[in-house]
Amino acid sequence: MKSNSNSAISSLGDGSFIRFENAEFWYLLLIIPLLVFIFLIAQQIKKKKLQNFGHLPVIMQLMPSASKSRPVLKFVLQMIAVLLVIIAILRPQTGAKLGEVKRKGIELMIALDVSNSMLSKDIRPNRLKAAQRSIAKLISELENDKIGLIVFAGDAFMLVPTTTDYSAAKMMLSTISTDFIPRQGTAIGTAIKLAAKSFGPTGEQERALVIITDGENHEDDAILEAEAALEKGIIIHTIGMGTPEGSLIPLPKEDDKYRTDKSGSFIITKLNETLLQKIAIATGGSYVRANNSQTGLEMVFDKISKMEKQEIEVANYSEYDDIFQYFIGFALFFILADMLISEKKNPKIQNLNLLKRNWF
């Protein structure tokens, strides 16, 4: 069995260990003192009821088969059985075996444009939200692959370094807004350069970078950075968010108002397909234009998944042998012993009078 974060481990003193896989059930041990308390109360009630009939020593003489010790013995056997069952529920394990699991997958980086133009609604509900939803869906389908997330506008910022912690990646993805990068613009080249530095150690395997942007107002030499990335084995795929016809840019939290230029004219943001196609071609990647039915990220990932898998993680694990079944067996033994012992004295044994016989 693989180790569990909830398990408890104790040394046996000989170098081996015993662990409890279901250590969260330790509280069940509180049942034992509770049952002891109930037993003692019951014994007191029984004693008081007998005293109602007269002097207790006289009453006991009238009941020669009654035993004081047998009920106590039976209760002790019952408590031992309960204790053993609780230990079995805790699932004790021993005999650790160390091993390794080598996982192979793809190292993928996604660079997401968070400039104001990504609020345009030519892709519903808007360019940015459509991209976020598509990325979240992709993350949910990943297995053994590493994913990282860069956000960029006039500058680039590493939001999630490459990781297999998909829950953390999705949580950070959900927080993205156009406020992440104060400086406006579309610094695609800066995002490519940051991604190239952020991948794992350079090897023979290819790595993939997916840029999701409208490509408008680019500020740097993205083609030059793409060619530099190719030398490091990075294949760049681009996804164009928007339409060539363009659309107005809503103001944040004011969907009925739109951005204007200095002259007061509405700003129309258009998809720059030519640039995105050139970036993809420079590295042997692909370009896909998003639409209202899909962003194209799944199409791109289908191509990425055909890349040669690389060893991205070596996970250590421990295997243990279950021994809870032994505790179940002993518990059944004590339950059977309890069933075989009567609360009354055995007349045949009592007649032997072993304690009073003179053996010497």
**Asked** Looking at this model, which pairs from LYS104/LYS137; LYS146/LYS253; LYS47/LYS74; LYS137/LYS306; LYS104/LYS129 are more than 25 angstrom apart at the alpha-carbon?
**Response** LYS146/LYS253; LYS104/LYS129
**Prompt:** What residues qualify as long-range amide H neighbours of ILE176, i.e. H under 5 Å apart, gap of 5 or more or another chain, H built at 1.01 Å from N?
**Reply:** none
**Fill in**
Residues whose modelled amide H sits under 5 Å from the amide H of ARG289, counting only those 5 or more places away in sequence or on another chain, are GLY240
**Prompt:** Taking the alpha carbon gyration tensor of segment 107-308, what are the square roots of 5 times its eigenvalues, largest first, to the nearest whole Å?
**Reply:** 27, 18, 15
**Request:** For segment 139-153, take each phi angle, set θ = phi - 60°, evaluate the Karplus expression 6.51 cos²θ - 1.76 cosθ + 1.60, and give the result in whole Hz per residue in order, putting x for glycine and proline.
**Result:** 4, 5, 9, 6, 9, 6, 9, 9, 10, x, 9, 10, 10, 8, 9
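Provide the percentage of antiparallel DSSP beta bridges, counting only those with both residues in segment 107-308; round to the nearest 5. Walk me through the numbers before you get to the answer.
Numbers: 10 of 33 bridges.
If I count the DSSP bridges inside segment 107-308, around 30 percent turn out antiparallel.
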**Item:** Two-site label geometry, MET339 and ASP256: point separation in nm, points 7 Å out along Cα→Cβ
**Value:** 7.9 nm
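Restricting everything to alpha-carbon atoms, can you work out Rg to Rh for segment 168-212 with a Kirkwood hydrodynamic radius? Kindly include the intermediate steps, with their values, before the conclusion.
Working: Rg = 13.3 Å, Rh = 13.0 Å.
My calculation of the ratio gives 1.02.
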**Fill in**
Counting sequence-distant residues (5 or more places) and residues on other chains, those with an amide H built under 5 Å from that of ALA153 are VAL114, ALA187
**Request:** May I ask which residue of PRO182, ALA290, PRO252 lies farthest towards the positive end of the charge dipole of segment 107-308, with charges of +1 (Lys, Arg) and -1 (Asp, Glu) on Cβ and the Cα centre as origin?
**Result:** PRO252
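Computed from the coordinates by the stated procedures, all read-outs in this text should not be read as laboratory data. Just so it is clear, the model here is predicted, and its values are computed rather than measured. In this analysis, Cβ positions are derived from the backbone assuming ideal geometry, glycine residues included, and neighbour counts consider all displayed protein chains.
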